[in-house]
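The values are calculated or read from the model by the stated rules, or taken from the named source; none is laboratory data. These numbers come from a predicted model, not from an experiment. Please note: Cβ atoms are built from the backbone with ideal geometry, for glycine as well, and neighbour counts cover all protein chains shown.
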Amino acid sequence: MARVPELKWLLILAFLMAGVNLAPAEEDEKVTYYVQLVRGDNEVNPPAPGVRRIGPKLSARFRPVFKWESYWEVHRQKIALSGGQKTRLRLTPEREVVIDLTNPAKRKVTAYQSGKLIACTTHAAGDAMSIIGGERDTDSVWFIVVRRDKPTEAKISSK
(Lines give C-alpha, C1' and ligand atoms only; values in the text may rest on other atoms or scores of the structure.)
Protein backbone atom coordinates (compact mmCIF):
# COMPACT_ATOMS: atom_id res chain seq x y z
CA MET A 1 0.00 0.00 0.00
CA ALA A 2 1.31 3.46 -0.94
CA ARG A 3 2.30 5.85 1.77
CA VAL A 4 0.18 9.02 2.25
CA PRO A 5 2.73 11.53 0.82
CA GLU A 6 3.21 9.39 -2.31
CA LEU A 7 -0.56 9.00 -2.71
CA LYS A 8 -0.96 12.76 -2.49
CA TRP A 9 1.53 13.31 -5.32
CA LEU A 10 -0.06 10.60 -7.43
CA LEU A 11 -3.47 12.28 -7.06
CA ILE A 12 -2.03 15.69 -7.97
CA LEU A 13 -0.33 14.18 -11.02
CA ALA A 14 -3.57 12.46 -12.05
CA PHE A 15 -5.50 15.75 -11.80
CA LEU A 16 -2.87 17.59 -13.85
CA MET A 17 -2.87 14.90 -16.52
CA ALA A 18 -6.67 15.02 -16.67
CA GLY A 19 -6.52 18.77 -17.34
CA VAL A 20 -8.02 19.82 -14.02
CA ASN A 21 -6.81 23.21 -12.83
CA LEU A 22 -6.11 23.20 -9.09
CA ALA A 23 -5.77 27.00 -8.98
CA PRO A 24 -8.78 28.97 -7.77
CA ALA A 25 -11.17 29.95 -10.55
CA GLU A 26 -10.76 33.53 -11.74
CA GLU A 27 -13.71 35.90 -11.73
CA ASP A 28 -15.64 35.93 -14.98
CA GLU A 29 -14.42 38.52 -17.40
CA LYS A 30 -16.52 41.67 -17.14
CA VAL A 31 -18.14 43.21 -20.19
CA THR A 32 -18.62 46.97 -20.48
CA TYR A 33 -22.01 48.36 -21.47
CA TYR A 34 -23.02 51.94 -22.17
CA VAL A 35 -26.59 52.83 -21.25
CA GLN A 36 -28.13 55.95 -22.76
CA LEU A 37 -31.47 57.61 -22.09
CA VAL A 38 -32.44 59.43 -25.28
CA ARG A 39 -35.26 61.87 -25.90
CA GLY A 40 -36.69 62.48 -29.38
CA ASP A 41 -38.57 65.70 -30.13
CA ASN A 42 -38.94 68.45 -32.73
CA GLU A 43 -37.13 71.13 -30.73
CA VAL A 44 -34.04 72.98 -31.95
CA ASN A 45 -32.65 73.63 -28.48
CA PRO A 46 -31.75 71.04 -25.81
CA PRO A 47 -34.64 70.27 -23.42
CA ALA A 48 -32.47 70.83 -20.32
CA PRO A 49 -28.98 71.98 -19.32
CA GLY A 50 -26.29 69.32 -19.86
CA VAL A 51 -28.31 67.47 -22.50
CA ARG A 52 -26.50 66.89 -25.80
CA ARG A 53 -27.31 65.58 -29.26
CA ILE A 54 -26.75 61.86 -29.82
CA GLY A 55 -23.79 60.74 -31.90
CA PRO A 56 -23.86 59.94 -35.62
CA LYS A 57 -24.03 56.13 -35.29
CA LEU A 58 -27.13 56.18 -33.09
CA SER A 59 -28.63 59.01 -35.12
CA ALA A 60 -28.26 56.88 -38.27
CA ARG A 61 -30.28 54.13 -36.53
CA PHE A 62 -33.10 56.45 -35.43
CA ARG A 63 -33.60 58.86 -38.35
CA PRO A 64 -34.79 56.37 -41.01
CA VAL A 65 -37.33 54.87 -38.61
CA PHE A 66 -38.66 57.71 -36.44
CA LYS A 67 -40.10 61.13 -37.31
CA TRP A 68 -38.38 63.34 -34.76
CA GLU A 69 -36.12 66.23 -35.79
CA SER A 70 -33.82 66.05 -32.75
CA TYR A 71 -32.49 63.27 -30.54
CA TRP A 72 -30.96 64.23 -27.22
CA GLU A 73 -28.84 62.17 -24.83
CA VAL A 74 -30.37 62.93 -21.45
CA HIS A 75 -28.28 60.48 -19.42
CA ARG A 76 -25.34 58.13 -20.01
CA GLN A 77 -23.96 55.50 -17.69
CA LYS A 78 -21.12 53.01 -18.11
CA ILE A 79 -21.30 49.66 -16.32
CA ALA A 80 -19.29 46.44 -16.29
CA LEU A 81 -21.08 43.12 -15.80
CA SER A 82 -19.99 39.51 -15.68
CA GLY A 83 -21.96 36.69 -17.24
CA GLY A 84 -24.63 35.48 -14.84
CA GLN A 85 -25.18 38.95 -13.36
CA LYS A 86 -28.28 41.12 -13.38
CA THR A 87 -28.33 44.82 -12.48
CA ARG A 88 -30.88 47.61 -12.15
CA LEU A 89 -29.88 51.17 -13.05
CA ARG A 90 -31.80 54.35 -12.25
CA LEU A 91 -31.47 56.71 -15.21
CA THR A 92 -33.80 59.44 -13.93
CA PRO A 93 -36.20 59.57 -10.98
CA GLU A 94 -38.86 58.07 -13.28
CA ARG A 95 -36.88 55.72 -15.53
CA GLU A 96 -34.94 52.56 -14.70
CA VAL A 97 -33.48 49.73 -16.74
CA VAL A 98 -32.59 46.16 -15.80
CA ILE A 99 -29.82 44.41 -17.72
CA ASP A 100 -30.00 40.65 -17.22
CA LEU A 101 -27.10 38.39 -18.26
CA THR A 102 -28.22 35.34 -16.25
CA ASN A 103 -28.76 33.38 -19.48
CA PRO A 104 -25.26 33.10 -21.02
CA ALA A 105 -26.61 33.14 -24.59
CA LYS A 106 -28.89 36.16 -24.17
CA ARG A 107 -29.02 39.75 -22.97
CA LYS A 108 -32.41 40.79 -21.62
CA VAL A 109 -33.14 44.50 -21.18
CA THR A 110 -36.25 45.65 -19.30
CA ALA A 111 -37.43 49.27 -19.03
CA TYR A 112 -39.44 50.69 -16.13
CA GLN A 113 -41.21 54.02 -15.79
CA SER A 114 -42.29 55.13 -12.32
CA GLY A 115 -41.75 51.56 -11.12
CA LYS A 116 -44.01 50.01 -13.78
CA LEU A 117 -42.78 47.62 -16.46
CA ILE A 118 -42.91 49.39 -19.83
CA ALA A 119 -41.05 47.13 -22.26
CA CYS A 120 -38.64 44.22 -22.47
CA THR A 121 -36.36 43.02 -25.24
CA THR A 122 -34.06 40.01 -25.51
CA HIS A 123 -31.13 39.70 -27.91
CA ALA A 124 -28.43 37.12 -28.44
CA ALA A 125 -25.39 37.92 -26.32
CA GLY A 126 -22.90 39.96 -28.27
CA ASP A 127 -22.38 43.42 -29.63
CA ALA A 128 -25.93 44.11 -30.85
CA MET A 129 -27.55 47.30 -29.60
CA SER A 130 -30.72 46.98 -27.51
CA ILE A 131 -33.21 49.82 -27.96
CA ILE A 132 -36.44 50.20 -25.99
CA GLY A 133 -38.71 53.20 -26.32
CA GLY A 134 -42.01 54.77 -25.43
CA GLU A 135 -44.03 57.95 -25.60
CA ARG A 136 -43.00 60.69 -23.23
CA ASP A 137 -45.92 62.95 -24.14
CA THR A 138 -47.63 63.95 -27.41
CA ASP A 139 -44.59 66.00 -28.47
CA SER A 140 -41.71 63.67 -27.58
CA VAL A 141 -40.56 60.10 -27.03
CA TRP A 142 -37.84 58.42 -25.00
CA PHE A 143 -35.50 55.52 -25.71
CA ILE A 144 -33.18 53.45 -23.56
CA VAL A 145 -30.16 52.22 -25.50
CA VAL A 146 -27.85 49.48 -24.17
CA ARG A 147 -24.74 49.01 -26.26
CA ARG A 148 -21.19 47.66 -26.10
CA ASP A 149 -19.49 50.31 -28.24
CA LYS A 150 -18.72 53.65 -26.65
CA PRO A 151 -21.11 56.36 -27.88
CA THR A 152 -19.52 59.07 -29.94
CA GLU A 153 -20.14 62.75 -29.40
CA ALA A 154 -22.32 64.63 -31.85
CA LYS A 155 -20.77 67.30 -34.00
CA ILE A 156 -21.87 70.75 -32.87
CA SER A 157 -24.19 72.22 -35.46
CA SER A 158 -26.55 75.14 -35.73
CA LYS A 159 -29.54 72.79 -36.04
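General observations
- Applying the criterion of being of a type in the set (Ser, Thr, Tyr) and out of contact with any Asp or Glu (no Cβ under 7 Å at 6 or more places or on another chain) to the residues of the stretch 127-147, the residue that is nearest to Pro47 (Cα to Cα) is Thr138.
- Taking (1) in contact (Cβ under 8 Å) with a residue 60 or more places away in the chain; (2) out of contact with any helix residue (DSSP H, G or I) (no Cβ under 8 Å at 6 or more places or on another chain); (3) of a type in the set (D, E, K, R) in turn, Lys67 satisfies each apart from (1).
- Boolean, Ala111 is among the small types (Gly, Ala, Ser), surrounded by 11 or more Cβ atoms within 10 Å (Cβ to Cβ) and in contact with a Pro (Cβ under 9 Å, 6 or more places away or on another chain): no
- Odd one out for Glu73 among (1) at pLDDT 95 or above; (2) in a loop (DSSP other than H, G, I, E, B): (2)
- Filter pass, Lys78 being part of a loop (DSSP other than H, G, I, E, B), closer than 22 Å to Arg53 by Cβ and within 16 Å of the chain's Cα centre (by Cα): no
- Unmet requirement for Glu94, which otherwise passes all of (1) among the acidic types (Asp, Glu); (2) closer than 22 Å to Lys150 by Cα; (3) modelled with pLDDT under 95: (2)
- Unmet criterion (only one of (1) outside any loop (DSSP other than H, G, I, E, B); (2) over 30 Å from Glu29 (Cβ atoms); (3) small (Gly, Ala, Ser); (4) in contact (Cβ under 8 Å) with a residue 40 or more places away in the chain) for Ala154: (1)
- Some residue of the stretch 40-54 being under 22 Å from Thr122 (Cβ atoms) and not small (Gly, Ala, Ser): no
- Going through (1) of a type outside the set (Asp, Glu); (2) part of a strand (DSSP E or B); (3) surrounded by fewer than 18 Cβ atoms within 10 Å (Cβ to Cβ) one by one, Val97 falls short only on (3).
- Candidates Thr102, Thr87, filtered to the one that is under 28 Å from Lys30 (Cβ atoms), within 18 Å of the chain's Cα centre (by Cα), in contact (Cβ under 8 Å) with a residue 12 or more places away in the chain and surrounded by fewer than 13 Cβ atoms within 10 Å (Cβ to Cβ): Thr102
- Total residues in the stretch 90-99, condition farther than 30 Å from Asn42 by Cβ and over 13 Å from the mean Cα position of the chain (by Cα): 0
- Residue match in the stretch 132-142 (condition: in contact with a Leu (Cβ under 8 Å, 6 or more places away or on another chain) and surrounded by fewer than 16 Cβ atoms within 10 Å (Cβ to Cβ)): no
- Selection from the stretch 48-70 of residues that are outside any loop (DSSP other than H, G, I, E, B) and more than 24 Å from Lys108 (Cβ to Cβ): Arg52, Arg53, Pro56, Ser59, Ala60, Ser70
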